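Since the structure comes first, as C-alpha cells, the remarks are kept for the end.
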Amino acid sequence: MSILEQKIDPLKGSLLSFIKTNKGKTYERFDPINDYVAQIKANGAWSYSQALTGPIGPYAQLDGMHPDLVLDNFACTDYLGLAQHPEVHRAVTECVKDYGLHASASPTLTGNTSLGKSLETLLSDILGKDCALLYTTGWGANYGAIVGLANRDGADHFFVDAHAHNCLRTAVETVKGREYQQFRHNDCDDLETKLKKCRQWDAHNGIFIVIDSLYSMKSSAPDLPRILQLAEEFEAFVILDVAHDFGAVGNGLGAMETIDLENADRLIISGCFSKSLGTNGGFVAGSKAIHHQLMLYSPTYIFSTGIDPIPCAIAKRSLEIAFSPEGQYLRARLMANVEHAHQQFTDAGFRVLGNVKSAIVPVLMGDEKLARLVTRYLLENGLLVNRAEFPAVGRKESILRFTLMATHEKFQIDRAALLLKDAWGYAQSELVEEL
Ligand SMILES: Cc1ncc(COP(=O)(O)O)c(C=O)c1O
C-alpha cells in the first residue's frame with residue numbers, strides 16, 4: 001500500500017507520517033499531512049498550535065477553551081519567570097522611548113544600536129569571551145554560526161551528537177549534505193574513535209564538534225571537559241548550543257561551569273534568549289578571530305534584518321537580573337521546584353529521565369498512543385504540558401516534557417503528579433477496552 005493510501009489512526013499509529021511524503025506537482029502533494037492532522041483532530045488528540053489568551057506564566061488559558069478553565073502551565077520555557085518581571089517590562093518602555101521599535105537593517109550595515117552593543121559586551125563579559133554577535137533567533141544563531149564558520153568547499157569535518165538540536169543539524173546538512181558524521185549521544189569514546197580516524201587521513205582541514213550543553217528531550221548534559229580535551233588533542237572547534245541551561249542551571253552558566261571557560265579557546269558558544277531571558281533572539285560568542293568571519297559570512301546575520309531594540313532591552317535587563325543575587329534566588333526556587341517534581345513523579349510510579357536536573361523534567365510514557373491519551377486527559381482536566389514523540393524521540397519512547405519555572409507553586413506540581421496518575425489509569429483502561 002502506498003503511503004498516500006495509508007489511513008492513519010492517530011490513536012493507533014506513530015507519527016511516521018511526519019516523514020515527509022510531499023511529492024508531485026499539484027496541491028494534492030499535501031494531502032497526506034492534511035488527512036493525518038484531520039484524523040488526529042477528529043480523535044481529540046491534537047495538541048499543537050495552542051494559542052494562549054494571556055501572558056505566559058505558571059497558569060494559562062487557551063483560545064477556544066471555556067473562559068473559566070485555567071490550566072496549570074508546564075509547557076513554556078520562561079524558566080526564571082523573567083518575561084513577567086516588572087523591571088524587564090520597565091526596560092521595554094524605556095527602550096521604546098530611546099530606540100523606537102525596529103532595527104530596520106542588517107546588523108552588518110546599520111541594524112545594530114548602542115543598546116545592542118551593550119548587550120553584546122555584557123554577554124561576552126559573562127561568558128569570558130572576546131566578542132558576541134546578536135541574532136534575531138536562537139535557531140538562526142546556531143545555524144548562522146555553523147554555516148558562517150564552515151569552509152565553503154565542504155572540506156571541514158563535522159561530528160554532531162545524535163541528539164543535537166534541529167538548528168545545528170540543519171546547518172551541518174547545509175554545509176555537508178545529508179551524509180554527515182554523528183556520534184552516539186553523549187558517547188565521548190565514540191567521538192574519540194571518529195576524531196582519530198578523521199585526523200589520520202586528514203591532518204589539515206577543520207573539525208567541528210557540535211553539541212548542546214543540555215539536550216532538551218532527555219535533560220542530559222555532555223561531558224564538556226572531556227570534549228574540550230578531545231578538541232585540543234585533535235585540533236577541533238566545539239560549537240556549543242547553550243539554549244536550555246544558560247541562565248537557568250547552576251550559577252547561571254550550566255554545563256559551562258564544568259570547564260575553565262575563559263581559557264576554552266576552541267569553544268564557540270551559541271545560545272538564545274528564548275528560554276531563560278524572556279524574549280526572542282540569540283547570540284554567538286567566542287574568540288575575536290571569528291568576529292569578522294561571522295559578520296560577513298554568517299547568512300542569518302549579514303542577510304537578515306538585525307534584532308529589534310525591544311528584545312535587546314528585554315534580554316539585557318533579564319541577563320542583568322539572571323546574573324545578580326536575585327537570579328541566584330530565582331534559580332534556587334526553580335531547582336527546588338525541579339527537585340520536587342522529580343520526587344512527586346517518581347513517587348507516583350513514573351520514570352523521570354535525564355543525567356542532570358534542569359528546568360526540563362521529561363516523564364517517560366513510552367507508547368505513542370498511550371502518551372496521546374494521557375495528554376488529552378491532562379488537558380481536559382486542567383494541565384498543559386508538551387508531549388514529544390517520534391521522530392523527536394525514539395519510537396515508543398514518547399515523553400511528557402514538563403518545563404518548570406521559578407514561579408510555579410509546589411501545590412501545582414503535587415496536583416500534576418496526582419492528575420498524571422489518573423491520566424495513566426484512564427489511558428490504560430481505554431487501551432484495554434480497545435483490545
Ligand atoms: C537546543 C535548542 N537550540 C536552539 C533553539 C532555537 O531557539 P529559538 O527558539 O530561540 O530560535 C531551541 C528551541 O527553541 C532549542 O531547544
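Read the figures in this text as sums done on the coordinates, not as results from a lab. This structure is a prediction, so every number in the text was calculated from the model and none was measured. Every residue, glycine as well, gets a Cβ built from its backbone with ideal geometry; the counts of neighbours run over all protein chains shown.
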* Roughly how many nanometres apart are two label points built 7 Å out from the Cα toward the Cβ at E380 and E257? -> 4.3 nm
* **Anisotropy class of the stretch 264-364 from Cα gyration tensor, a/c 1.5 cut** => prolate
* Asked: By how many degrees, between 0 and 90 and to the nearest 10, does the Cα long axis of helix 114-127 differ from the longest principal axis of the chain?
  -> 90 degrees
* To do: For the stretch 85-322, just say rounded, prolate or oblate: build the C-alpha gyration tensor, square-root its eigenvalues into a ≥ b ≥ c, call rounded for a/c under 1.5, and beyond that prolate if a/b exceeds b/c, oblate if not.
  => prolate
* Potential lengthening between E87 and K396 on full extension [0.36 nm per residue; Cα-Cα distance subtracted] -> 106.8 nm
* Count neighbours as other Cβ atoms within 10 Å of each site's Cβ, and list the trypsin sites (Lys or Arg not before Pro) in the stretch 318-356 that are DSSP loop with at most 16 such neighbours. => R351
* Structure fact -> Expected sort for D130, D161 with the fewest Cβ neighbours (10 Å cutoff) up front is D130, D161
* To do: Report the trypsin sites (Lys or Arg not before Pro) located in the stretch 88-178 that are in a DSSP loop and have at most 12 other Cβ atoms inside 10 Å of their Cβ, or state none.
  => R152, R178
* Classify the stretch 375-435 as rounded, prolate or oblate from the Cα gyration tensor: take a ≥ b ≥ c as the square roots of its eigenvalues, call it rounded if a/c is under 1.5, otherwise prolate when a/b beats b/c and oblate if not. => oblate
* Can you give the angle from 0 to 90° between the axis of helix 368-380 and the longest principal axis of the chain, with both taken from C-alpha atoms, to the nearest 10? -> 80 degrees
* **Charged-residue dipole, Cβ positions (Lys, Arg, Asp, Glu), the chain about Cα centre, Debye nearest 20** => 620 debye
* Asked: If the cut-off is a Cα-Cα distance under 25 Å, which lysines reach K316, setting aside same-chain residues fewer than 8 apart in sequence?
  -> K97, K117, K129, K275, K288
* Asked: If the cut-off is 19 Å between C-alpha atoms, which lysines fall inside it for K194, apart from same-chain ones fewer than 8 positions away?
  -> K176
* Cross-link partners of K396 among lysines (Cα-Cα below 16 Å; sequence separation of 8 or more within a chain) -> K12, K218, K369
* In nanometres, what is the gap between the two model label sites at S118 and H204, each 7 Å from Cα along Cα-to-Cβ? -> 4.8 nm
